[in-house]
Amino acid sequence: MSRTDQHHRIDYIEFAVASIEAAKRFYGRAFNWTFQDYGPDYCEFRDGRLTGGFYHGTPQPGGALVVLYSNDLDVTRAGIEAAGGRIVRPIFDFPGGRRFHFVDNDGYELAVWSEV
């Protein structure tokens, strides 16, 4: 599937965890997930179909961060704002791309990322 086909689809999820090592032990043992560390505070996981990440933070049971992909962050951000969403973390760079966070009308926080 090309990135164009992934525009505005759920692409990634993230979990705030108290201990990345403990999360890796649990999910590796329970589900045979594999992991790639990106420094001491972030670890990507792969379940065989979907990728996601663990980051050090306050655990939020039931509150995984859903991350969508966009071909154009500025256009997507404008669409979210026009629909009544609120940007809670402006566009920032990270290894592999850029992203921003928003909340919907019910207060759910999601993120949108792009490679450029």
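Helix 73-82 axis versus longest C-alpha principal axis of the chain: approximately 70°, rounded to the nearest ten.
Mean residue ellipticity at 222 nm from the helices of the chain, using -39,500 (n - 2.57) per DSSP H segment of n ≥ 4 over the full residue count, to the nearest 500 deg cm²/dmol? Mind dumping the intermediate values first?
On the way: 2 runs with 22 residues, N = 116.
Estimated from H runs of four or more residues: -5500 deg cm²/dmol.
About its Cα centre, the dipole of the chain is roughly 260 debye, where the only charges are +1 on Lys and Arg Cβ and -1 on Asp and Glu Cβ.
How large is the Kirkwood hydrodynamic radius of the chain, in angstrom, based on all distinct alpha carbon pairs? Intermediate results must be reported in sequence, preceding the final value.
Details: mean 1/r = 0.0666 Å⁻¹.
Value: 15.0 Å, from the Cα pair sum.
Percent of accessible area on the chain owned by carbon and sulfur, 1.4 Å probe? Before the final figure, lay out the partial values.
Details: 3780 of 7230 Å².
Here carbon and sulfur together make up 52 percent of the probe-accessible area.
Per-residue extension of 0.36 nm, minus the Cα-Cα distance of residue 7 and residue 86, leaves a gain of 26.4 nm for this segment. Take the chain with all the other protein chains still there, run a 1.4 Å probe, and you get 62 Å² of accessible area per residue.
Highest mean first, what order results for 6-18, 40-52 on Cβ atoms within 10 Å? Could the numbers behind the result be given before it?
Working: 6-18: 15.5, 40-52: 13.8.
Ranking, from highest mean packing down: 6-18, 40-52.
The values are calculated or read from the model by the stated rules, or taken from the named source; none is laboratory data. Predicted model only: the values in this text are computed from it and were never measured. All Cβ positions, even for glycine, are placed from backbone atoms using ideal geometry, and neighbour counts span all protein chains on display. Just so you know, the surface numbers come from the protein's heavy atoms only, side chains and all, with ligands and any DNA or RNA stripped out. Shrake-Rupley method; radii C 1.70, N 1.55, O 1.52, S 1.80 Å.
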